[in-house]
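Participant: Take a look at this one; I'll ask things after.
The values are calculated or read from the model by the stated rules, or taken from the named source; none is laboratory data. A quick note: this is a predicted structure, and the numbers were derived from the prediction, not measured. In this analysis, Cβ positions are derived from the backbone assuming ideal geometry, glycine residues included, and neighbour counts consider all displayed protein chains. All accessible areas refer to the heavy atoms of the entire protein, side chains included, with ligands and DNA or RNA removed. Shrake-Rupley method; radii C 1.70, N 1.55, O 1.52, S 1.80 Å.
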Amino acid sequence: MTKADIVTEIAKSTGIDKADVLKTIESFMEIVKDSLANDKNVYLRGFGSFIVKTRSQKTARNISKNTTIIIPEHKIPAFKPAKVFMEDVKK
């Protein structure tokens, strides 16, 4: 399902204009992205949490050059689904 599909489904079920739904969804995604960029997790009860995880430093190898590099500790975005969400998906 794409963003356009989601917009269409929400517009059908609510009767709100597609342009307004699109603007709302894009605003939501921007707020989530900005929050995670500022190390603030986003919790949506009954759905899940958008969180920032920290990956620890690790050593990697470039096989073609036969060299070793160190990848520094860094942060990545992640999604942790709520229990209710998981139960609905497992059915």
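Participant: Could you tell me which of the residues 20, 39 is of a type in the set (Asp, Glu) and in a loop (DSSP other than H, G, I, E, B)? Steps first, please.
Facilitator: Values: 20 fails: in a loop (DSSP other than H, G, I, E, B).
After applying the criteria, what remains is 39.
Participant: State all residues of segment 49-76 that are open to solvent by less than 100 Å² (accessible area, probe 1.4 Å) and either in contact (Cβ under 8 Å) with a residue 40 or more places away in the chain or part of a loop (DSSP other than H, G, I, E, B) (or both); if no residue qualifies, say none.
Facilitator: Passing the criteria: 56, 72.
Participant: Report, by residue number, each residue of segment 77-88 that is in a helix (DSSP H, G or I) and open to solvent by less than 100 Å² (accessible area, probe 1.4 Å).
Facilitator: Residues of segment 77-88 in a helix (DSSP H, G or I): 83-88.
Passing the criteria: 84, 85, 86, 88.
Residues checked against (1) open to solvent by 100 Å² or more (accessible area, probe 1.4 Å); (2) of a type in the set (Val, Ile, Thr):
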| position | (1), (2) |
| --- | --- |
| 8 | no, yes |
| 13 | no, no |
| 23 | yes, no |
| 29 | no, no |
| 42 | no, yes |
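Participant: Follow-up. Kindly indicate whether any position in segment 9-29 is free of Cβ contacts under 8 Å to residues at least 60 places away in the same chain, among the charged types (D, E, K, R) and either closer than 19 Å to residue 80 by Cα or touching a Pro at 6+ places or on another chain (Cβ under 7 Å) (or both).
Facilitator: Within segment 9-29 (the criterion being free of Cβ contacts under 8 Å to residues at least 60 places away in the same chain, among the charged types (D, E, K, R) and either closer than 19 Å to residue 80 by Cα or touching a Pro at 6+ places or on another chain (Cβ under 7 Å) (or both)), the answer is no, since none of the residues qualifies.
Participant: Please state which of the following conditions residue 46 fails to meet, knowing it meets all the rest: (1) at pLDDT below 95; (2) open to solvent by less than 60 Å² (accessible area, probe 1.4 Å); (3) more than 23 Å from residue 89 (Cα to Cα).
Facilitator: (3)
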